[in-house]
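Some notes on the structure that comes next.
The values are calculated or read from the model by the stated rules, or taken from the named source; none is laboratory data. No experiment lies behind these values; they were computed from the predicted model shown. Because the Cβ atoms are built from the backbone with ideal geometry, glycine has one as well, and the counts that use them run over all protein chains shown. All accessible areas refer to the heavy atoms of the entire protein, side chains included, with ligands and DNA or RNA removed. Shrake-Rupley method; radii C 1.70, N 1.55, O 1.52, S 1.80 Å.
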Amino acid sequence: MRKRISIIGSTGSIGTQALEVIEALGADKFEIYGLAAGSNTGLLNEQIKKFSPKKVCITKNSDDVNFNKVLTGEEGLIDIASDKENDIVLMAISGRYGLKPTLAAIHNGIDIALANKETLVMAGDIVMREAKKYNVNILPVDSEHSAIHQCIKKLSDVSKLIITASGGPFLNKSSFEMEHSDIKQVLHHPRWKMGKKITVDSATLMNKGLEVIEAHHLFGVDYDNIEVVIHPQSVVHSAIEYKDGSIIAQLGLPSMHIPIQYAITYPERLYGIKSNSFSFSEIARLDFSKPDFDKFPCLKLALEAGRKGGSSPIVMNAANEEAVYAFLDGKISYNNIYDIVYKIYNEISDCTPDNIDEIFELDKEVRLKTKELLSGAGIV
Ligand code: NDP
Ligand code: MG
């Protein structure tokens, strides 16, 4: 079957790799229906020329896009994502902007290949409930969740999810080295080449915390039954333990092409791109250890926020995103990221937002408070 797909965030790390996968699979397998980007008009124009989409959206600089009727803003993202011509939509956008287009697509019965983990961190209960109601598949693109998805036969037989983490660039660095690290060191991830925000989150291990929350919602598994294991080689992408004690893991060399390809071609398992083979006899060793919560307090905080639920993950996620961008802008140091998230997390009182508008209101309040803190004295 030939699928029609739209890519929201086509100019990013996931978006461009998805287009490589689609090109490799061939025009008889996929047709690009819509492309949406933030500001990279040069790359978007190249993609339009190559893939001839029917719909295009860009949030900034729309005048520079070579397309007949360019959509803009959040309405444009929603328009493309929810268009019933789509068989599937890849949510490869970063940050909070993925949530509303995802819900709009679900409400029109369109399957989602989900890379944007913020969607589930902010509104996992609502998104999964709506997906069930509208009979929509949420297919994970995040490599750990793709691994788990590939391992699970019957969810009710599973007793535990084991999520692996490479440990990022600071796994073997001292607290002193981490405290005095610059942006370049933080962005130097040993295994994965990704967008800047997620790369910083991979250094603080906040990313792993977000992934535990993501896994909790995707697979409906209790936090007590999700374990994080440090595995520097990133060969075991994650594993599940069955109630009989058997563990099934998914292995392979690190590559995002494979989980993207798996998600968009599901339930088939097509391979336009084949990862280099992983050889058991050549790898020599695989290491596993427990995460050090003192060294990586963001992970501890994220796990606590996930357990608490309600407003906690929303507050933590928004404060973290603002703090990470302030770090990337050179305004704060690496250690300040946690300090800021911790302060805001404890400052904003708990509540239970039960619809999307309330979630976005809270998200906005947190970002304002975080920006105030960032511009004021005290933390910097
Ligand atoms: P990038 O920063 O590389 O790409 C983000 C994409 O979103 C770009 O196309 C960007 O457009 C677009 N975008 C950002 N803001 C807007 C906006 N307001 N309106 C429209 N488009 C927007 O991020 P990644 O590809 O690394 O990550 C994307 C998502 O996937 C994140 O949620 C991340 O956590 C998740 N993920 C990423 C992995 C990876 O390997 N990269 C692995 C697992 C999950 P432009 O560049 O034109 O401004
Ligand atoms: Mg991941």
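General observations
- Test result for LEU43, more than 16 Å from ligand 2 (Cβ to nearest atom), closer than 22 Å to TYR271 by Cα and surrounded by fewer than 24 Cβ atoms within 10 Å (Cβ to Cβ): no
- The residues on offer are GLY252, GLY209, and the sole one that is of a type in the set (Gly, Ala, Ser), within 16 Å of ligand 1 (Cβ to nearest atom) and in contact with a His (Cβ under 9 Å, 6 or more places away or on another chain) is GLY252.
- The range 6-25, residues that are more than 8 Å from ligand 1 (Cβ to nearest atom), part of a helix (DSSP H, G or I) and open to solvent by less than 30 Å² (accessible area, probe 1.4 Å): ALA18, LEU19, VAL21, ILE22, LEU25
- Qualifying positions in the range 94-129 - more than 16 Å from ligand 1 (Cβ to nearest atom) and either β-branched (Val, Ile, Thr) or within 20 Å of GLY306 (Cα to Cα) (or both): ILE106, ILE110, ASP125, ILE126, MET128, ARG129
- Any hit, the range 292-301, residues being away from ligand 1 (no atom under 16 Å from the Cβ), open to solvent by 40 Å² or more (accessible area, probe 1.4 Å) and under 29 Å from LEU90 (Cβ atoms): no
- If you filter the range 166-186 down to residues that are part of a helix (DSSP H, G or I) and either within 16 Å of ligand 1 (Cβ to nearest atom) or not polar (S, T, N, Q) (or both), you find that the one that is surrounded by the most Cβ atoms within 10 Å (Cβ to Cβ) is VAL186.
A quick yes/no check of all residues on (1) of a type in the set (Gly, Ala, Ser); (2) within 18 Å of LYS100 (Cβ to Cβ); (3) more than 19 Å from the chain's Cα centre (by Cα):
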position	(1), (2), (3)
ALA18	yes, no, no
ALA27	yes, no, yes
SER39	yes, no, yes
LYS50	no, no, yes
ILE58	no, yes, yes
VAL70	no, no, yes
GLU75	no, yes, yes
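- For the range 226-255, a residue qualifies if it is open to solvent by less than 50 Å² (accessible area, probe 1.4 Å) and in a loop (DSSP other than H, G, I, E, B), and the qualifying residues are HIS231, PRO232, GLN233, SER234, VAL235, GLY245, GLY252, PRO254, SER255.
- Neighbours by Cβ (under 9 Å, 6+ apart or cross-chain): first from the range 257-286, surrounded by 11 or more Cβ atoms within 10 Å (Cβ to Cβ); second assigned to a loop (DSSP other than H, G, I, E, B) and among the acidic types (Asp, Glu): PRO259/ASP142
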